[in-house]
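Novice: One structure is given below, represented as structure tokens, and several questions about it will come after.
What follows is calculated from the coordinates using simple rules that are stated; it is not laboratory data. Predicted model only: the values in this text are computed from it and were never measured. Every residue, glycine as well, gets a Cβ built from its backbone with ideal geometry; the counts of neighbours run over all protein chains shown.
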């Protein structure tokens, strides 16, 4: 029987990253953990609705014993009682808080997808909540960047966005089909050092319960900025139904290696053109860095790399606190040694050596 691992949730970025990574690794390794100071560095410490949903989702797939699974809880004990089991699962972030919640569906999914992908059998997962929110991976990014990057490592999952969910109401919905693997079949390592040639830039500007000119202007301005830089693009616009108004633009860049993603969100009083500029400027910054992985994929790829059949090496546009925090928790579980070369906030190189 494993001794529970003691984890301080205030380390590194001090948010939900520590908890999410611990949940994923505990479900995979069946090692229990006790986390204290959950989200200690956030304005409202403790578990919010999306974190509570992630805890309960991870517990469901491995029959974990739970203590501290309550809104605002600063301490969580999580102890898997069986191996991860493939199956049909549904989770609704709104159920975690009276009055509902627009908590991010992508963060719930990221806790459980890798454990399900390593379990025998096929899983179908539905998550209801916020699909496109600032501060978390939009569902477009998950579908067009994260999952294709995982397929490079022989992890297979497909995502469908059934309905958009914006802040503050949420009520969006994603469906994910995860292909498991036979026992003992390892994940392929990722080697992505050179950015390679830019093949295409595509994306969409989306709005709900707003005039059509809002997404139209975003798409037009994004294409115009790229054209001035000599970059052809296919950026469409859409008006789609949702439970509340919302708008954003979601860009995917395809290179010879892994895809990269860039997003920006609108709000009252913010011009559509400014939203487009934020996303495109982020893309141009990535392109100029020469790195393979964008700043978000850099930390999100660490978990699958830590269970791969060999060392992974990649360059990342920016060494973020999420990346270093993720690396810290992975090393606490003893799954891999992670070498990060480069200054914080700048581009760098990462090597993950599974133990």
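Novice: In a Gaussian network model over the chain where Cα atoms closer than 10 Å are linked, find which of 44, 156, 60 has the largest mean-square fluctuation.
Specialist: Of 44, 156, 60, the most mobile in the Gaussian network model is 44.
Novice: Separate question: Cα centroids of the range 147-168 and the range 292-315: how far apart, whole angstrom?
Specialist: A separation of 17 Å, based on Cα centres.
Novice: Zone of residue 309 (label point 7 Å along Cα→Cβ, backbone N under 18 Å): which residues in the range 139-181?
Specialist: Answer for this model: 150-157, 179-181.
Novice: May I ask you to derive the FRET efficiency for residue 212 and residue 158 from their Cβ-Cβ distance with R0 = 41 Å, giving the value to the nearest 0.05?
Specialist: Plugging the Cβ-Cβ distance into 1/(1 + (r/R0)^6) gives 0.85.
Novice: Another one. Report the full-extension gain for the segment residue 36 to residue 70: residue separation times 0.36 nm, less the Cα-Cα distance, to one decimal in nm.
Specialist: Extra length available between residue 36 and residue 70 comes to 10.9 nm.
Novice: Now for a separate question. Return 153, 188, 218 ranked ascending by Cβ neighbour count within 10 Å, so the fewest neighbours appear first.
Specialist: Ascending Cβ contact count within 10 Å gives the list 188, 153, 218.
Novice: If a/c stays under 1.5 just call it rounded; otherwise compare a/b with b/c (prolate if a/b is bigger, oblate if not). Do that for the range 121-280, with a ≥ b ≥ c from the square roots of the Cα gyration tensor eigenvalues.
Specialist: Note, shape of the range 121-280 comes out oblate.
Novice: Provide the FRET efficiency to the nearest 0.05 for the residue 3-residue 321 pair, computing r from the beta carbons and using R0 = 22 Å.
Specialist: Calculated value: 0.20.
Novice: To continue, here is another question. With springs connecting C-alpha atoms under 10 Å apart, model the chain as a Gaussian network and identify which of 51, 221, 132 has the largest mean-square fluctuation.
Specialist: For the chain, modelled as a Gaussian network with Cα springs under 10 Å, the answer is 221.
Novice: Taking the highest mean first, how do the peptides 322-331, 278-287 order by number of other beta carbon atoms within 10 angstrom per residue?
Specialist: Highest mean packing first, the order is 322-331, 278-287.
Novice: Is the shape of the range 5-185 best called rounded, prolate or oblate, per the rule: a/c under 1.5 gives rounded, else a/b larger than b/c gives prolate, else oblate, with a ≥ b ≥ c the square roots of the Cα gyration tensor eigenvalues?
Specialist: Here the range 5-185 falls in the oblate category.
Novice: Here is a follow-up. When the chain is treated as a GNM, springs tying every alpha-carbon pair under 10 Å, which of 121, 165, 230 comes out with the largest mean-square fluctuation?
Specialist: Residue with maximal mean-square fluctuation among 121, 165, 230: 230.
Novice: OK, next. Please express the Cα-Cα pair-distance distribution P(r) of the range 196-289 as a list of whole percents, one per 5 Å bin, running from 0 to the bin with the greatest distance.
Specialist: 3, 15, 27, 24, 16, 9, 5, 2, 0
Novice: Can you show me the helix-derived [θ] at 222 nm for the chain, built from DSSP H runs with n ≥ 4 at -39,500 (n - 2.57) apiece and divided by the number of residues, rounded to the nearest 500.
Specialist: For the chain, the value works out to -9000 deg cm²/dmol.
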